[in-house]
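Take a look at the structure set out below.
The values are calculated or read from the model by the stated rules, or taken from the named source; none is laboratory data. What you see is a predicted model, and the numbers here were worked out from it, not measured in a lab. Positions of Cβ are generated from backbone atoms using ideal geometry, with glycine treated the same way; all protein chains shown enter the neighbour counts. SASA here: full protein model, heavy atoms, side chains in, ligands and nucleic acids out. Shrake-Rupley method; radii C 1.70, N 1.55, O 1.52, S 1.80 Å.
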Amino acid sequence: MTQITLVKGDITKMHPDAIVNAANSSLLGGGGVDGAIHGAAGTELVHECRLLAGCKTGEAKITKGYNLPAKHIIHTVGPVWNGGSKKEEHLLYSCYYKSLELCAQHKLTTIAFPNISTGIYHFPKQLAAATAIKAVTDFCESEPEAFTEITFVCFDDENYTIYQSLLAATHITNYE
Ligand code: ADP
């Protein structure tokens, strides 16, 4: 059984097996949550990231967590919102789903996600939240034993309110 949890706060302070980074395709750091994660993990992270040779939009790669309380980081590249006709929804779904697949392959059982693409990349927050929740519930349906806990970490009030109402509407507190 997977527990799906919603929290408001800073993902760099959390200590699941893996936190997810909303990275850019270079994987060499940036602003927003990416900058916060690189800042908290320390410079060894960028050294490991250099060896990964970037990441495509909708894909995911794993590194160690270094100075973070989380053991690992899953770096995924969200789509830039471009009006909705550039497969943005499909690519965002893929970010969540492939992050979960990669974690499961490494036998990691707890994971925390930020609200990928809803900052600098301007993906509409309501649609992003619905897409994230759909990807997570689809994954849990296909692999119900893979995770003990999946956490959505919202940094801003607007995302937190959206997730609260969507999760309540879908009656998700624990996913079986
Ligand atoms: P993107 O380029 O994918 O839009 P951003 O980092 O700009 O990435 O924003 C993604 C989300 O991460 C936003 O909702 C933003 O509020 C949130 N965010 C920023 N800093 C943190 C943090 N330290 N912990 C968790 N979420 C964060």
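What are the trypsin sites (Lys or Arg not before Pro) within region 82-176 that DSSP puts in a loop, where the Cβ has at most 12 other Cβ atoms within 10 Å?
Lys107
Check Lys86: other-chain or 5+ apart residues with amide H under 5 Å from its amide H, H built from backbone geometry?
none
For region 3-175, what proportion of DSSP beta bridges, expressed in % and rounded to the nearest 5, is antiparallel?
25 percent
Within region 21-76, report the trypsin sites (Lys or Arg not before Pro) that DSSP leaves as loop and that have at most 15 other Cβ atoms within 10 Å.
Hits after loop and neighbour filter: Lys56.
Tell me, what is the percent relative contact order of region 1-146, built from C-alpha pairs under 8 Å that lie six or more residues apart?
With pairs under 8 Å counted, the relative contact order is 28 percent.
Based on C-alpha coordinates, I'd like the Rg and Dmax of the chain, in Å.
14.7, 43
Just list whichever of Lys87/Lys134; Lys98/Lys125; Lys64/Lys125; Lys56/Lys98; Lys8/Lys98; Lys71/Lys98 have alpha carbons separated by over 22 Å in the model shown.
Distance filter (> 22 Å) returns Lys64/Lys125; Lys8/Lys98.
Choose one answer from Thr131, Thr63, Thr43: the residue with the largest mean-square fluctuation in a GNM of the chain with alpha-carbon springs under 10 Å.
Fluctuation is largest for Thr43.
If you keep only loop residues by DSSP, which GluC sites (Glu not before Pro) in region 75-149 have at most 13 other Cβ atoms within 10 Å of their Cβ?
Passing both the DSSP loop test and the Cβ count: Glu145.
So, for region 3-175, what is the accessible surface per residue at a probe of 1.4 Å, expressed in square angstrom?
So region 3-175 comes to 47 Å² accessible per residue, rounded to a whole number.
At 222 nm, what helix-only mean residue ellipticity would the chain give, in deg cm²/dmol to the nearest 500, using -39500 (n - 2.57) for each DSSP H run of four or more?
-12000 deg cm²/dmol
Given the options Ala18, Ala112, Ala40, state which has the largest fluctuation in a GNM of the chain using a 10 Å cut-off (strictly under) for Cα springs.
Residue with maximal mean-square fluctuation among Ala18, Ala112, Ala40: Ala40.
With θ taken as phi - 60° and the coefficients 6.51, -1.76 and 1.60, list the Karplus ³J(HN,Hα) couplings across region 122-129 in order, rounded to whole Hz; mark glycine and proline as x.
Once θ is set to phi - 60°, the couplings for region 122-129 become 6, 5, x, 5, 4, 5, 5, 5 Hz.
Leaving out ligands, DNA and RNA, and with a 1.4 Å probe, what % of the accessible surface on the chain is carbon or sulfur?
Heavy-atom surface of the chain belonging to carbon and sulfur, 1.4 Å probe: 54 percent.
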